[in-house]
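> Got a structure for you, questions after.
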Amino acid sequence: MDTISRENNSMLPVGGIIVGVIALALGLYAAVSLSKVNTKLTAQQEKIDRIDDLANQVSAVSQKTDQNAADLKKVVSDTQNGFNTVAGMIGNVQATVKTLEESQKHVAVKGKGGKGGAVVAGPGEYVVKPGDTPHRIAAANGCTTSELLAVNPGLDPKRMHVGQKLKLPEKGGAAPAEAAPAAPAPAPATP
């Protein structure tokens, strides 16, 4: 029996060596595979980091877009309020202008005798129109401003009003000394 046991025992170390070599080969294969997996994981981690970075940037852009949309909405609202205010002011100005135009149409300048009606200039007279100044009147009638003021003593150029009658100087010289000065017409009542 000794012989049989020795023969069986001699195979055991060879079997152990074979199993050890197989285990070593499997270990090396596993280490190489694990190294490849680690390399792939590292590459994937870089991609994941980039994706996280992009996600953060998208979130920041989204927040900025929301803020810009809110700001734009406020600007639109403020602009609309401004237009509404200006429209109200323009309406008030139009109403005032219309009122002034209406009051100008209805102002009756009284002529001689106190009768209402339009004032008509007689010979050697001029009726003041809107926008007239002594200089314009004199230039339009071939005389100087000083000659116009000389034949209209008491005339205050700053207080002339539409419909007021002025005397015109005689052409070719100053007005005769005996000419009676024109009395300034009363100022129209303000509405």
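Since every read-out is calculated from the coordinates, none of them should be taken as a lab result. Just so we're clear, the structure is a prediction, and the values are computed from it rather than from any experiment. Counting neighbours? That spans all protein chains shown, and the Cβs are built from the backbone with ideal geometry, glycine included.
> Amide H to amide H, which residues 5 or more places from Gln164 or on other chains are under 5 Å from it, using H placed in the peptide plane?
Correct list: Val128.
> Next question, about the same structure. Can you give the extra length, in nm with one decimal, that the chain gains between Asn56 and Ala30 once fully stretched, where that is 0.36 nm per residue apart less the Cα-Cα distance? All intermediate terms of the calculation are to be shown ahead of the outcome.
Numbers: separation 26, 0.36 × 26 = 9.36 nm, distance 3.76 nm.
Extra length available between Asn56 and Ala30 comes to 5.6 nm.
> If r is the Cβ-Cβ distance from Ala139 to Glu170 and R0 is 22 Å, what FRET efficiency results, to the nearest 0.05? Write out the running numbers ahead of the final one.
Details: r = 17 Å, r/R0 = 0.77.
It comes out at approximately 0.85.
> Between Glu101 and Leu12, how many nm apart are label points set 7 Å from Cα along the C-beta direction?
12.7 nm
> Once the other residues with Cβ under 9 Å from the Cβ of Glu125 are scored (Lys, Arg +1; Asp, Glu -1), what is the net sum? Working shown, then result.
On the way: positive: Lys165, Lys167; negative: none.
Residues close to Glu125 contribute a combined charge of +2.
> What does the charge count around Arg159 come to, taking other residues whose C-beta lies under 15 Å from its C-beta (Lys +1, Arg +1, Asp -1, Glu -1)?
Numbers: positive: Lys158, Lys165; negative: Asp132, Asp156.
Net of charged neighbours comes to 0.
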